[in-house]
Amino acid sequence: MVSLGLEDKVVVVTGGARGIGASIVQLLVELGAKVAYIDVIDSEPPEGVLALKADVTKLESMEAAGKEIEEKLGPVYGVVANAGITRDNFFAKLTDEDWDKVIAVNLKGVKNSIQPFIEGMYERESGSIVGISSISGDRGNAGQTNYAATKAAVIGIMKSLAREAARKKVRANAIAPGFINTEMVKSLPDKVKDKITAEIPFRRFGEPEDIAWAVAFLLSPVASSYVTGEVLRVNGAHHT
């Protein structure tokens with residue numbers, strides 16, 4: 001079996017307790033990585049995974065979590081900035097509270113997820129950062145101006161960070177998932193799901209594992225060593 005080179009690499013996943021994050025965590029463990037995930041909810045982690053409760057909107061909380069991770073697992077090689085929330089509404093009805101909350105978690109949270117680790121990556125001249133964007137940030141989506149703004153910003157962060165970090169041999173990329181079979185999508189009315197799948201050439205939603213494999217590819221020092229500043233769309237050709 002060809003290795004992706006992630007054996008014993010320490011990888012941090014934010015929002016790793018459920019959904020896409022949980023699938024990322026599980027696959028990385030199977031690929032031999034030492035995985036820690038950070039979430040605001042209490043959960044039982046898979047065997048061998050370090051689970052920490054911390055708030056991505058607070059830098060001091062993430063710094064404390066980062067210190068504990070490196071003390072217990074070793075120097076961090078990879079960060080997957082996956083934590084995110086939605087507070088959907090049409091723009092005319094969007095409240096300041098819902099705007100600010102989404103910005104805090106989905107945008108400031110990405111900064112706070114990366115900053116505690118990036119200087120160490122620079123010192124070791126090794127590392128890979130993956131930001132989870134969205135089809136909404138790539139093409140826009142009605143009723144999601146706040147969410148789409150943050151997910152477009154994730155792409156901007158990764159493209160700019162890629163240019164900064166390349167001199168230190170650290171890579172930064174984004175993944176833009178389409179509609180994925182998570183609890184959020186499963187809760188949609190059947191009529192809405194039928195309308196969405198009719199727009200997707202594959203005529204189905206993606207699975208969390210599809211995103212997990214894309215993450216593994218971008219983290220891999222073997223498979224993607226010359227890939228940085230890119231946006232990997234995983235959406236069944238829903239948007240190209």
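The values are calculated or read from the model by the stated rules, or taken from the named source; none is laboratory data. Bear in mind that the values here come from a model prediction, so they are computed numbers and not experimental data. Don't worry about glycine lacking a Cβ; one is built from the backbone with ideal geometry, like all the others, and counts go over all protein chains shown.
Structure notes:
- Candidate set: the stretch 41-60, residues that are outside any strand (DSSP E or B) and modelled with pLDDT of 95 or more; chosen: the one surrounded by the most Cβ atoms within 10 Å (Cβ to Cβ): Val56
- Residue under evaluation Asp190, criteria (1) modelled with pLDDT under 95; (2) touching a Lys or Arg at 6+ places or on another chain (Cβ under 8 Å), criterion not met: (2)
- Residue match in the stretch 152-165 (condition: touching a strand residue (DSSP E or B) at 6+ places or on another chain (Cβ under 6 Å) and closer than 21 Å to Leu31 by Cα): no
- Check on Gly21, surrounded by fewer than 15 Cβ atoms within 10 Å (Cβ to Cβ), in contact with a strand residue (DSSP E or B) (Cβ under 7 Å, 6 or more places away or on another chain) and either in contact (Cβ under 8 Å) with a residue 40 or more places away in the chain or not in a loop (DSSP other than H, G, I, E, B) (or both): no
- Subset of the stretch 122-145 [within 22 Å of Tyr37 (Cα to Cα) and within 18 Å of the chain's Cα centre (by Cα)]: Gly127, Ser128, Ile129, Val130, Gly131, Ile132, Ser133, Ser134
- Of all residues in the stretch 62-85, those that are part of a helix (DSSP H, G or I), small (Gly, Ala, Ser) and in contact (Cβ under 8 Å) with a residue 12 or more places away in the chain total 2.
- Residue in the stretch 93-111 that is touching a residue at least 12 places away in the same chain (Cβ under 8 Å) and more than 19 Å from Ala149 (Cα to Cα) present: no
- In a residue-by-residue description of the stretch 178-196, the property of being among the hydrophobic types (A, V, I, L, M, F, W, C), touching a residue at least 12 places away in the same chain (Cβ under 8 Å) and touching a strand residue (DSSP E or B) at 6+ places or on another chain (Cβ under 9 Å) applies to at least one position.
- Cβ pairs under 7 Å, 6+ apart, first in the stretch 24-50 and under 19 Å from Asp210 (Cα atoms) and among the β-branched types (Val, Ile, Thr), second at pLDDT below 95 and assigned to a helix (DSSP H, G or I): none
- Annotation: of all residues in the stretch 93-120 being of a type in the set (Lys, Arg) and either in contact with a helix residue (DSSP H, G or I) (Cβ under 9 Å, 6 or more places away or on another chain) or outside any helix (DSSP H, G or I) (or both), the one that is nearest to Gly74 (Cα to Cα) is Lys111.
- Condition check for Gly5: out of contact with any helix residue (DSSP H, G or I) (no Cβ under 8 Å at 6 or more places or on another chain) and either outside any strand (DSSP E or B) or not hydrophobic (A, V, I, L, M, F, W, C) (or both): yes
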